[in-house]
Each structure stands twice: as structure tokens, then as C-alpha cells.
1. Could you figure out which of (1) within 25 Å of Ala139 (Cα to Cα); (2) within 16 Å of the ligand (Cβ to nearest atom) isn't true of Thr238?
2. Can you name the residue in region 202-234 that is of a type in the set (Ser, Thr, Tyr) and out of contact with any Pro (no Cβ under 6 Å at 6 or more places or on another chain) and is also farthest from the ligand (Cβ to nearest atom) among such residues?
3. What is the number of the single condition among (1) surrounded by fewer than 17 Cβ atoms within 10 Å (Cβ to Cβ); (2) part of a loop (DSSP other than H, G, I, E, B); (3) of a type outside the set (Asp, Glu); (4) away from the ligand (no atom under 16 Å from the Cβ) that Lys160 does not meet?
4. I'm checking my understanding of the structure. Among residues of region 184-231 that are of a type in the set (Asp, Glu) and surrounded by 13 or more Cβ atoms within 10 Å (Cβ to Cβ), which one is farthest from His142 (Cα to Cα)?
Amino acid sequence: MAGNVVGIMIPAAKEKKKHRDGYYRDRYQNMDPVKKAQYLADVRAWRKAHPLNEEQQKAGKIYRAQRHIETYALRKDAINAKKRERYHADSALRARIRAGSTKWWNENYPTRKEQYLAGQRNWYRANRVKKMGAVTLWAKEHPQITRARRVTRQAAYRAKQYGVDGRFHTIDIATLYQNQDGKCRYCSSELRNIYEVDHMTPLSRGGSNKADNLCCACSSCNRSKHTRTADEFLATMTEALR
Ligand SMILES: [Zn+2]
């Protein structure tokens, strides 16, 4: 029996063909349960009597890892698709996975925080030029949003200085600009995407920083209006025209 076992573990040249044809695999799978148990006990005994040395263990580990990588690479898409399908179909599974992630995060983030942040900093340092390139490109391709963003930031900064209530967003400014057909609220000149946000009732006179107190104006009108309200400014404008 032991001789057979050795024969299977280290096949002789004439037995290699049998291996290729799956002879031993089939024989093992079809084996009588009692025989199978005996066979496994023999294998275990043989292995115990012939322990692998360190080099062999290492080689085996490398072989198994390599085989895992190869078989996984072949079946990767199918495996992941199946995982995704299961994840989306089963809400209990989803909850379990999420709870697990949260738990892991809560347990590990405090001690790894510095490491994470350092990793992010390093990434940013290494990819800054690439990242800045993308940002600049995006800004060039979306000039209206970029301008709306800038004036939104500026207005928010001034509102903070005055301690005034209310907040608006880039989209509000973009909407205003569209509603005014891209023209200055006061002199109706074409703004061509170069404009400022005017608080119709100035912040310094208690005007809010909400969207309904805002308009888009050319910088010339915005400057000369100064601390007047929109109505006051329009009145002086018509007066000047008379
Ligand atoms: Zn104007």
C-alpha cells in the first residue's frame, strides 16, 4: 500500500500518462469509503514519515500562490459578477457587510489615522501636477460654472464678514445669469461671463445673502452702485439719462 501511495505522490515516468488522463483522480473519486479513509490515513502517515524540508515547503507555498493567482485571473470576472449579484439581491447580506466594514473602520481607523493621512498626502504630492492639470482643464471647459463658483465664494466671504444670514449656491448664480440672459441687471450690457454678484439691498444695509437678494451685474455698475439699493441706483441712472 505504502508503495502505491509513493507512486501516486511522485509518479514514475510510465505513470505520468495515467495522471494526465485523470486515471488516479477518477480512481480516488470512485473509491469505496472505507478504502478511501484507509488511503487518506496512509497518505498522512507517509507524509509524517517524510516531512518536507524548509525549501520544499517554500516551493509548495509559492506554487500554490501562483496557481491561485492564475486560476483567479481566469475566473475573476465571473467570480466578481456573482459576488455583485449576491450583494445587490440580498439586503441582509448588504447590511452584514456594511456593519463589518463599519466595525473594522471604527476599530482600526484611530490607530491608523496618521498612516492614512500620510498616504493621502503622499499621493497628492506625487500626483499634484496631474490632478491640477485635470482641474484646470475642467475649469477651461466649464467657464460659466467656474465663474459662478468664484463669485459665489466671494459673496459668501463678504456675507461672513458682515455676519449676514443666508446662503446660496453656484447653481443659484448660474440660474440668475440665465434668467438675466447674460446681461447686467442695471445697464443691460452683455456680460460675456464676466460679472459680479450684487446684493440688491447691500449687506451693509441689512440685505440678506439669499438668492432673492442677488443679481448679476457688470463690475462697473456694481462699483458705482456701492451702498445704494437697486431701486436707488436705478433712479439715479434714469436721472443721469435725463
Ligand atoms: Zn452694468
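Each reported figure results from applying straightforward, stated rules to the coordinates on display, with no laboratory input. What you are looking at is a predicted structure, and each value in this text was computed from that prediction instead of being measured. Using ideal geometry, Cβ is built from the backbone for each residue, glycine included, and neighbour counts are taken over all protein chains shown.
1. Answer for Thr238: the failing condition is (1).
2. Only one residue tops the list, namely Ser208.
3. Lys160 satisfies every listed condition except (2).
4. Asp198
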